[in-house]
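Here's the structure, in structure tokens; my notes come after.
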Amino acid sequence: MDLPKNAYFQGGIVPYSEAKVGVATHALNYGTAVFGGMRGYWNEEKKRLFVFRPLDHFRRFLNSCRIMSLEFDHTPDSLTNLTLELLRRDAYQQDIYIRPLAYKADEVIGVRLHDLKDELTIFAMPFGQYVKNDTCAHVTISSWRRIDDNMIPARGKISGAYAGSALIKTDAARAGFDEALVLNQEGHVTEGSAMNIFMVRDGVLITPPVTDNILEGITRRSIMELAKQELGLTVLERPIDRSEIYVCEELFLTGTAAQVTVATQVDHRPIGKGEMGPIAGQLRQLFQEVVHGNNPKYAHWNAAV
Ligand code: PMP
């Protein structure tokens, strides 16, 4: 994978090779950081790079900061402007991934959130497909449980919590699956290792509610709106039982990295007809049109660099 060209680091834009922290950094030792992740899509015809919903991503990022007592003067607007400035400097002409990271920067021993220096960095790098079989993924049910709101809030994108996601992903990959679905303590399906989930039952699009220990995904929200507005579907937020996954008509995962990844098998059982269904197929296509800045109705979701 290509390294980033530049980074916003300690208040300015520097070559990526100069954006370095010491090994005693608090966040590296204790996971006391929060991050965001958005994509920039290169539109070859328009010769422009479009960043997808940066204001919404930065609103969630600042909420994650709030949960972890990371304090900055920034607003979603100021962070978006910083990002666009960085991207103008980078001048990528290809699809990219953008990573803002806020972290406890002191090089000290001692677990806490208070009385520590907060730092912010943003960098971007070329990025393509994330899940290889994104039209025919084979998923499993993870033996790991999703973290609870009263352990590490799943609503925040908190670095330390991604140790859980890493266990989930690696165990699934080593067992030969593309991704895993994770249950919460009640046994309801929450999401994948780093993506939200949707199933179709009786033509209704269903996704777990934000109170079921999921990340409040920006792609999730976008897909819900596109499904309602463009496909006229009924969209429900309600808990999902494990066994509903075995009997649903369609299943797909959404996220900045995963985009719309369609699952066609769960633990060696076919989902629906065992191939990509019509709703997932249409949403995949619509989503790509929108993120590339090719759908005027949703142009307000894209920030042009
Ligand atoms: N859940 C988790 C745990 C994630 O890490 C992500 C990726 N950010 C998502 C869901 C999807 O969120 P988004 O659509 O905002 O990228």
Failed criterion for Leu183 (all others in (1) surrounded by 22 or more Cβ atoms within 10 Å (Cβ to Cβ); (2) away from the ligand (no atom under 12 Å from the Cβ) hold): (1)
Residue in the range 69-79 that is touching a Ser or Thr at 6+ places or on another chain (Cβ under 7 Å), touching a residue at least 40 places away in the same chain (Cβ under 8 Å) and either open to solvent by less than 40 Å² (accessible area, probe 1.4 Å) or not in a helix (DSSP H, G or I) (or both) present: no
The one condition in (1) open to solvent by less than 30 Å² (accessible area, probe 1.4 Å); (2) in a helix (DSSP H, G or I) that Leu55 fails to fulfil: (1)
So Lys46, is it open to solvent by 20 Å² or more (accessible area, probe 1.4 Å), in a loop (DSSP other than H, G, I, E, B), basic (Lys, Arg) and touching a residue at least 24 places away in the same chain (Cβ under 8 Å): yes
Unmet requirement for Phe177, which otherwise passes all of (1) assigned to a loop (DSSP other than H, G, I, E, B); (2) open to solvent by less than 20 Å² (accessible area, probe 1.4 Å); (3) not β-branched (Val, Ile, Thr): (2)
First in the range 160-179 and within 16 Å of Ala137 (Cβ to Cβ), second anywhere and in a helix (DSSP H, G or I) and more than 11 Å from the ligand (Cβ to nearest atom), Cβ under 7 Å, 6 or more apart: Glu179/Ala172
Residue check, Thr190 farther than 17 Å from Glu249 by Cα, within 15 Å of the ligand (Cβ to nearest atom), assigned to a strand (DSSP E or B) and touching a residue at least 12 places away in the same chain (Cβ under 8 Å): yes
All positions within the range 113-161 that are open to solvent by 40 Å² or more (accessible area, probe 1.4 Å), over 30 Å from Phe9 (Cβ atoms) and more than 13 Å from the ligand (Cβ to nearest atom): Lys132, Asn133, Thr135, Cys136, Ser143, Arg145, Asp149, Asn150, Met151
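For every residue, the table says whether it meets (1) within 16 Å of the ligand (Cβ to nearest atom); (2) modelled with pLDDT of 95 or more; (3) open to solvent by less than 50 Å² (accessible area, probe 1.4 Å).
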| site | (1), (2), (3) |
| --- | --- |
| Gly203 | no, yes, yes |
| Thr211 | yes, yes, no |
| Leu215 | yes, yes, yes |
| Ile218 | yes, yes, yes |
| Leu236 | no, yes, no |
| Ile245 | no, yes, yes |
| Val260 | yes, yes, yes |
| Ile271 | no, yes, yes |
| Val290 | yes, yes, yes |
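The values are calculated or read from the model by the stated rules, or taken from the named source; none is laboratory data. These numbers come from a predicted model, not from an experiment. Here the Cβ is made from the backbone with ideal geometry for all residues, glycine too, and neighbour counts use every protein chain on show. Surface areas here come from the heavy atoms of the whole protein model, side chains and all, with no ligands, DNA or RNA. Shrake-Rupley method; radii C 1.70, N 1.55, O 1.52, S 1.80 Å.
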